[in-house]
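Have a look at the structure below before the remarks.
Each reported figure results from applying straightforward, stated rules to the coordinates on display, with no laboratory input. Model, not experiment: these values are computed from the prediction. Every residue, glycine as well, gets a Cβ built from its backbone with ideal geometry; the counts of neighbours run over all protein chains shown.
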Amino acid sequence: MTHPAPRMVIFQLPGLDPMNASVQLLLRRTAASAILASGLIGSAAFAQTPPSIGIRGAIVSVTGENLVVKPNHGADQTVMLDKNTRVAAISLAKIEDIKPGSYIGAAAIPQPDGSQKALEVHVFPPAMAGTGDGHRPFDLTPNSTMTNGSVGDVVVSNGRTLTVNYKGGEKKILVPEDVPIVNIEAGDRSMLVAGAKVVLRASKNPDGSMTAQSVNVGKNGVTPPM
């Protein structure tokens, strides 16, 4: 038994008569190609954005522009420095150093009442006010957040609570007595020596290597808590 040959069905676009069916087919093919191309371009642009990786640990060695870091967890990591790598020194601070108008960052855990319980607090120098302004997820611990902003109210006598204002909102941050508070100061690469405690952010390169975007290094033996 023979079956009739399949028929090509052509949908007519408004304004075109059947005599222009070939034109309709060309238009459809062109549109499909454009959609596919835009999807590929969008995917490529997204893929080109290098992810940021946090590494916390101690410097094992320094060779030229390469740091070998022993992370708190896992195997040694080699990270390259380049001309854009920023170095900051981390020194101890006290809650009394934080005043209304101070610009701070706080890693914290969200609480049921909407407040944040600090894991650490770092105080920026005036020249760095505005750095990382906002509230977002962070990678210090599971479910942790980072809030950077200007301090409004400071209540030290009743649970050490800070009100932090940032563009688009504010957070109340409870700072327990045992939470580390540090200053961020200007640093330089001479501080990057074997044994120094560091917290760095690095971008992963296409070849799998890593380049440091910033390095926070402990001053006088301080371990950066962020």
Q. Sequence-distant or interchain residues sharing an amide H contact under 5 Å with Asn183, placed H: which?
A. Ser91, Leu92, Ala93, Val123
**Q.** DSSP bridge pairs, region 90-199: antiparallel proportion in percent, nearest 5
**A.** 85 percent
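Over 31 Å between Cα atoms: which of Lys99/Lys204; Lys99/Lys167; Lys83/Lys117; Lys70/Lys117; Lys117/Lys167 fall into that group? Walk me through the intermediate numbers first.
Working: Lys99/Lys204 38 Å; Lys99/Lys167 19 Å; Lys83/Lys117 36 Å; Lys70/Lys117 29 Å; Lys117/Lys167 20 Å.
Distance filter (> 31 Å) returns Lys99/Lys204; Lys83/Lys117.
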Q | Total formal charge among the other residues, if their Cβ is under 13 angstrom from that of Thr147, Lys/Arg +1 and Asp/Glu -1 | A | +2
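Give me the extension gain from Lys117 to Asn220: residue separation times 0.36 nm, minus the current Cα-Cα distance, reported in nm with one decimal.
On the way: separation 103, 0.36 × 103 = 37.08 nm, distance 2.75 nm.
Net length gain for the segment: 34.3 nm.
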**Q.** Charge dipole of region 67-216 about the Cα centre (unit charges at C-beta), most positive-ward option of Thr145, Gly130, Gln213
**A.** Gln213
Q) In whole Å, how far is the Cα centre of region 167-226 from that of region 81-153? A) 11 Å
